1. Count the lysine pairs in the chain whose Cα atoms sit under 16 Å apart, keeping only pairs 8 or more residues apart in sequence or on different chains.
2. Could you state the orientation-averaged shadow area of the convex hull built on the Cα atoms of the chain, in nm² to one decimal?
3. Find how much the distance from Phe9 to Ile108 grows on full extension, using 0.36 nm per residue of separation minus their present alpha carbon separation; answer in nm with one decimal.
4. What does the net charge come to around Pro51 if you take all other residues with beta carbon closer than 11 Å to its beta carbon, with K and R at +1 and D and E at -1?
5. Carbon-plus-sulfur fraction of the accessible area of the chain, 1.4 Å probe, in percent?
6. Quick one: order Ser29, Ser88 from most to least accessible surface, probe 1.4 Å.
7. Exactly which trypsin sites (Lys or Arg not before Pro) in the range 21-89 are in a DSSP loop and have at most 11 other Cβ atoms within 10 Å?
8. With unit charges on the beta carbons (Lys and Arg positive, Asp and Glu negative) and the dipole taken about the Cα centre of the range 1-96, which residue among Phe35, Ile71, Phe87 sits farthest to the positive side?
Amino acid sequence: MPKPITKYFIPAVVTNKCPRCREGNIFKSQQAYKFKTNTDMHEHCPVCGQPTEIEVGFYYGTGYVSYALTIALTITTLVAWWVLVGFSTEDNRFFWWMGLNATFLVIIQPWIMRLSRSIWISWFV
């Protein structure tokens, strides 16, 4: 019997688990900031055997997911900055936000890459 999607789907995607069994890790390394092995994936899920590379070039679509995540995070930081700090035409607060947002996105880029792959494969399996 399949597991209920509402109870396990989101935690499985965020923790990079197999989209079918939601138990096996799809990445070989669990650390997103090991840059040489950041996107190395198992060929098959270690628990259920689900292939992670469905077809050649399957993960090219993750660029769209990564873009959407980046835009969502940018809008979130913009609203948070607007509420907490505010914007003014008399100083450089907007440019401070732009610089801090760009730095934030560069720092979390390895995590976004892995999350976008996990989301992408979860849509098709």
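The values are calculated or read from the model by the stated rules, or taken from the named source; none is laboratory data. Keep in mind that this is a model prediction, so the values were computed, not measured. When we count neighbours, we look across all protein chains shown, and the Cβ atoms used for this are built from the backbone with ideal geometry, even at glycine. Areas reflect the complete protein model, heavy atoms only, side chains present, ligands, DNA and RNA absent. Shrake-Rupley method; radii C 1.70, N 1.55, O 1.52, S 1.80 Å.
1. Eligible lysine pairs with Cα atoms under 16 Å apart amount to 4.
2. The orientation-averaged projected area of the Cα hull of the chain comes to 9.4 nm².
3. Net length gain for the segment: 33.4 nm.
4. With Lys, Arg at +1 and Asp, Glu at -1, the net is -2.
5. C and S atoms contribute 66 percent here.
6. Ser88, Ser29
7. Lys36
8. Toward the positive end, the furthest listed residue is Phe35.
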